[in-house]
Amino acid sequence: MKIELTPIGTIHTPFKTVENMPIQPSGAKHVAGTIEIFPEYAEGLCDLEGFSHIYVIFHLHRSAGHKLKVIPFLDTVERGIFATRSPARPNPVGLSVAEIVSVKENIIEIRGVDMLDGSPVIDIKPYVPDFDECSEIRKGWFEGKAGNAPKTLSDGRFK
């Protein structure tokens, strides 16, 4: 089976390289950027401004292949790729939650930017707490480490 995806836009951020960029949105709460939706998809932004946050699904366009085991940020132990948020994935798809600042025509201004400049946008979905929040969470190997994400920057290990 072949799956083909068509980008619907481009993310514009201050991060031109992967070195020293935030590894998750929690480390980029005040970092601003924009999502430019291609004109043929702009009508799909209708009513989005009523939400405070969105999921941004994007292509990790500078990912250099994949590995099934990696040493992720926040750890020193090799882990299975599907138990991490590493960009070295078989399908290089990124997922971030971003705060909507404004929606004007085909431009979404956002905060919480942890994406590389020029990343192709695959999809956008509203963050809806009633759908997305879970009351009982297990954090796996992240237990006790996730709090370090806001102050951890990329070191280029997944170039």
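The values are calculated or read from the model by the stated rules, or taken from the named source; none is laboratory data. Quick caveat, the model's predicted, so the values are computed rather than measured. Don't worry about glycine lacking a Cβ; one is built from the backbone with ideal geometry, like all the others, and counts go over all protein chains shown.
Annotations for the structure displayed:
- The listed residues are Thr6, Thr34, and the only one of them that is at pLDDT 95 or above, of a type in the set (Ser, Thr, Tyr), farther than 15 Å from Lys125 by Cα and touching an Asp or Glu at 6+ places or on another chain (Cβ under 8 Å) turns out to be Thr34.
- Selected residue [at pLDDT 90 or above, out of contact with any Lys or Arg (no Cβ under 6 Å at 6 or more places or on another chain), surrounded by 12 or more Cβ atoms within 10 Å (Cβ to Cβ) and not small (Gly, Ala, Ser)] from Val97, Val128: Val97
- Among the criteria (1) part of a loop (DSSP other than H, G, I, E, B); (2) at pLDDT below 70; (3) of a type in the set (S, T, N, Q), the one Asn148 does not fulfil is (1).
- Evaluation of Phe158 against the conditions (1) farther than 27 Å from Glu4 by Cα; (2) at pLDDT below 95 shows that the sole unmet condition is (1).
- Filtered residue count, segment 90-109, keeping only those that are part of a strand (DSSP E or B), polar (S, T, N, Q) and either touching a His at 6+ places or on another chain (Cβ under 9 Å) or more than 25 Å from Glu19 (Cβ to Cβ) (or both): 1
- Looking only at residues of segment 105-118 that are surrounded by 24 or more Cβ atoms within 10 Å (Cβ to Cβ) and over 10 Å from the mean Cα position of the chain (by Cα), we find that the one that is nearest to Thr10 (Cα to Cα) is Ile108.
- Qualifying residue in segment 36-57 (condition: under 16 Å from Leu116 (Cα atoms) and touching a Pro at 6+ places or on another chain (Cβ under 6 Å)): no
- Flag if Val56 is hydrophobic (A, V, I, L, M, F, W, C), under 19 Å from Thr6 (Cβ atoms) and in contact with a strand residue (DSSP E or B) (Cβ under 7 Å, 6 or more places away or on another chain): yes
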